Amino acid sequence: MAFRVIALALVGAVLLSACDQGTDYDSNRGDDAYDLEAMALQASDLPANFEQAPGYSFGPEEWAEIFGSDDPEATVRQLEAQGWLKNWVTEATPPQFGAVLNIRSVSTLYTNEGSAKESTERFACGLPLSLNVQLDPFIVPDIADQSNGFFVEEEIDGSGTTLVYTTVCFRTGRIVHVVQQASLPGIEDIGAALRSADKMLKRVDAAFADQKDDGAG
């Protein structure tokens, strides 16, 4: 808990560069005009020696399976009702055991800005978490159009071992981006998650600029 308090006190000083710089994130392009893959964290954005697996895309049916629902068809309907369209996910791990065990980035495209806004506020930024999972919020700077931050703790085996996922998400128009860092309870690092979010924001801004230059619409 002391670590979290210290980290929260440092948030304002860690990532001023991640604050909204007035970029216009056009939400009126066609669904295929958003290059979610280009918006993801890349190997050069990761801490030294982290190994990134190839990224992958999910549609609603595949993403619903990750929820572990007893009724995946109902989960698909729920995602579709939330305006969830598709996403792009990257995963990276360190070469050996360390403070951070995994870094994940997710970019999810929604049907409209209202749905993306609601996801950021109410639906764990589109992550595969049931609505009854307890989120532990923390303060983050204003990033892009909207931002949110929270810890979520999950049991990873039957013996009671848990991991804490330090989660920072931000919205650009109708896309919600997430950076998650997995660690053992008690050694969470908000500053590191924010630095990763800043790097992801730069990727997102570059992708929007490239698509604008290409005349995407």
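Looking only at segment 69-76, decide whether some residue is assigned to a helix (DSSP H, G or I), among the hydrophobic types (A, V, I, L, M, F, W, C) and surrounded by fewer than 15 Cβ atoms within 10 Å (Cβ to Cβ). Within segment 69-76, one or more residues are assigned to a helix (DSSP H, G or I), among the hydrophobic types (A, V, I, L, M, F, W, C) and surrounded by fewer than 15 Cβ atoms within 10 Å (Cβ to Cβ).
Every residue, every condition in (1) at pLDDT 95 or above; (2) over 17 Å from T167 (Cβ atoms); (3) more than 15 Å from the chain's Cα centre (by Cα), yes or no:
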residue	(1), (2), (3)
F67	no, no, yes
N87	yes, no, no
T90	yes, no, no
V100	no, no, yes
Y110	yes, yes, no
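The single condition among (1) among the charged types (D, E, K, R); (2) in contact with a Phe, Trp or Tyr (Cβ under 8 Å, 6 or more places away or on another chain); (3) closer than 20 Å to R195 by Cβ that K86 does not satisfy is (3).
Filtering segment 140-162 to residues that are surrounded by fewer than 17 Cβ atoms within 10 Å (Cβ to Cβ), part of a strand (DSSP E or B) and in contact (Cβ under 8 Å) with a residue 24 or more places away in the chain leaves only E153.
Taking the condition touching a residue at least 24 places away in the same chain (Cβ under 8 Å), within 11 Å of S107 (Cβ to Cβ) and either β-branched (V, I, T) or surrounded by fewer than 20 Cβ atoms within 10 Å (Cβ to Cβ) (or both), does T166 pass? No, not satisfied.
The values are calculated or read from the model by the stated rules, or taken from the named source; none is laboratory data. Worth saying up front: this structure is predicted, and the values here are computed from it rather than measured. Because the Cβ atoms are built from the backbone with ideal geometry, glycine has one as well, and the counts that use them run over all protein chains shown.
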